[in-house]
1. Being modelled with pLDDT of 95 or more and farther than 27 Å from Gly167 by Cα, is that true of even one residue in the stretch 246-254?
2. Return the residues of the stretch 207-223 that are small (Gly, Ala, Ser) and not in a helix (DSSP H, G or I); say none if nothing qualifies.
3. Can you tell me which residue among Arg233, Arg204 is within 24 Å of Pro15 (Cα to Cα), assigned to a helix (DSSP H, G or I) and modelled with pLDDT of 95 or more?
4. Any residue in the stretch 261-274 that is exposed (fewer than 15 other Cβ atoms within 10 Å of the Cβ), assigned to a helix (DSSP H, G or I) and of a type in the set (D, E, K, R)?
5. Determine whether the stretch 74-83 contains at least one residue that is hydroxyl-bearing (Ser, Thr, Tyr), touching a strand residue (DSSP E or B) at 6+ places or on another chain (Cβ under 8 Å) and either under 30 Å from Gly270 (Cβ atoms) or outside any strand (DSSP E or B) (or both).
6. All but one of (1) under 27 Å from Asp212 (Cβ atoms); (2) out of contact with any Ser or Thr (no Cβ under 8 Å at 6 or more places or on another chain) hold for Val26, so report the exception by its number.
7. Testing Arg142 on (1) free of Cβ contacts under 8 Å to residues at least 24 places away in the same chain; (2) in the same structural domain as Trp32 (by TED's automatic domain parsing); (3) surrounded by 13 or more Cβ atoms within 10 Å (Cβ to Cβ); (4) of a type in the set (D, E, K, R), one condition comes back false. Which one is that?
8. For the condition more than 17 Å from Ala169 (Cα to Cα), of a type in the set (Gly, Ala, Ser) and either outside the structural domain of Leu179 (by TED's automatic domain parsing) or part of a strand (DSSP E or B) (or both), what is the one hit in Gly294, Gly277?
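The values are calculated or read from the model by the stated rules, or taken from the named source; none is laboratory data. This is a predicted model, so every value here is computed, not measured. Reconstructed Cβ throughout: ideal geometry from the backbone, glycine too, with neighbour counts over all protein chains shown.
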Amino acid sequence: MNVYTCDPLTDDRWPGFVRTRPGASVFHTRGWLESLRRTYGYAPIVYSTSTPAEPLNNAIVFCEVRSWLTGHRLVSLPFADHCEPLFEQPADLVALCAELQRGVDARRWRSIEIRPLTAGLHESARVRQSGAFCFHSLDLRRPLDDLFGRFHKDSIQRKIRRAEREGLAFDAGASEDHLQAFYRLLLLTRRRHRLPPQPIDWFRNLMACLGDRVEICVASKDRRAIAAIVLLRHLDTVVYKYGASDERFHNLGGMPFLFWNAIQRASSDGACCLDLGRSDRDNEGLITFKDRLGAERSELRYLRYSAGSAASAEARWGARMAQRVIANVPDRLFVSAGRLLYRHFG
């Protein structure tokens, strides 16, 4: 089977293919791919069995991650919760992946990783699971009263009512003020979790490249931002991608309040699905929160083909060292650590 490549940032076929293909998400769009290129220097590339002279009938999109720490890899896609291979015929996908695996065998890449939303590929002697997560999605086609009624009565409904009694204000937009409010909360949240923050330029690039498909929702108490979420939109699906909060105000119910307002807005705008993204399986608090929003839970499995170990010793050592120091460094170094490290761990 012949395999062809194209650049999704310049190939005129790509936007229309993504717009009309079932299974495509915001992570397939030029906006997401261009944000990755601008922020981290990743070069996107599409593999397909369609010739350059014909319309795209199938595709899998990767970014090349070049790193002295984690190696030269193909990832579909960096920082995406999922990226479905867009194929109708499973046999075509299997054949294409076999072609890519030959690139790993020839030492062109250390590994290739695919992050499918559905189970189109299976583990084998050559393809191994590289990660497993919980995935949640919420059907927004139900009436709002029904959606609210499915919330956990104590930890969601009660907290929404508490937030309303406390006079929390809701605001949504994509201005620099919205970004600054979110990023201040992100620094607090990432330090709490002992993880470096994403560079602020990543969010600026998302806003520039995705335009009105990005929205930052902020909950405030007495004009002080206490919680914020970043939402992305693709056709009739809204994706919850990032969240941050000030733990000193958790008792006010800022996060449930934000999600309820976001759900109402998405529903009124004709969205059919709220994609709540992935959760690490050991993050019981986040999984429980999404369960209590009434979302449906499923399993998300990433697959990797690697000629050697699934993750290099250098990468594991780097991750451990980063977590040891990250909680105590000054803000300037804290932000710089994220800017330095994230390009290696796409």
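1. Taking the stretch 246-254 as the starting set, the residues that turn out to be modelled with pLDDT of 95 or more are 246-254.
Still in the running and farther than 27 Å from Gly167 by Cα: none.
No: the stretch 246-254 contains no residue that is modelled with pLDDT of 95 or more and farther than 27 Å from Gly167 by Cα.
2. Going residue by residue through the stretch 207-223, those that are small (Gly, Ala, Ser) are 208, 211, 219-220.
Selection gives Ala219, Ser220.
3. Arg204
4. Taking the stretch 261-274 first, the residues exposed (fewer than 15 other Cβ atoms within 10 Å of the Cβ) are 268-270, 272.
Still in the running and assigned to a helix (DSSP H, G or I): 268.
Checking which are of a type in the set (D, E, K, R) leaves us with none.
Checked against the condition, which is being exposed (fewer than 15 other Cβ atoms within 10 Å of the Cβ), assigned to a helix (DSSP H, G or I) and of a type in the set (D, E, K, R), the stretch 261-274 yields no hits at all.
5. Quick first cut of the stretch 74-83, residues hydroxyl-bearing (Ser, Thr, Tyr) only: 76.
So of that shortlist, the ones also touching a strand residue (DSSP E or B) at 6+ places or on another chain (Cβ under 8 Å) come out as 76.
Pick out the ones that are also either under 30 Å from Gly270 (Cβ atoms) or outside any strand (DSSP E or B) (or both) and you get 76.
So far as the stretch 74-83 goes, yes, one or more of its residues are hydroxyl-bearing (Ser, Thr, Tyr), touching a strand residue (DSSP E or B) at 6+ places or on another chain (Cβ under 8 Å) and either under 30 Å from Gly270 (Cβ atoms) or outside any strand (DSSP E or B) (or both).
6. Against the list (1) under 27 Å from Asp212 (Cβ atoms); (2) out of contact with any Ser or Thr (no Cβ under 8 Å at 6 or more places or on another chain), Val26 comes up short only on (2).
7. Going through the list (1) free of Cβ contacts under 8 Å to residues at least 24 places away in the same chain; (2) in the same structural domain as Trp32 (by TED's automatic domain parsing); (3) surrounded by 13 or more Cβ atoms within 10 Å (Cβ to Cβ); (4) of a type in the set (D, E, K, R), Arg142 breaks only (2).
8. Numbers: Gly294 fails: either outside the structural domain of Leu179 (by TED's automatic domain parsing) or part of a strand (DSSP E or B) (or both).
Only one candidate passes the filter, namely Gly277.
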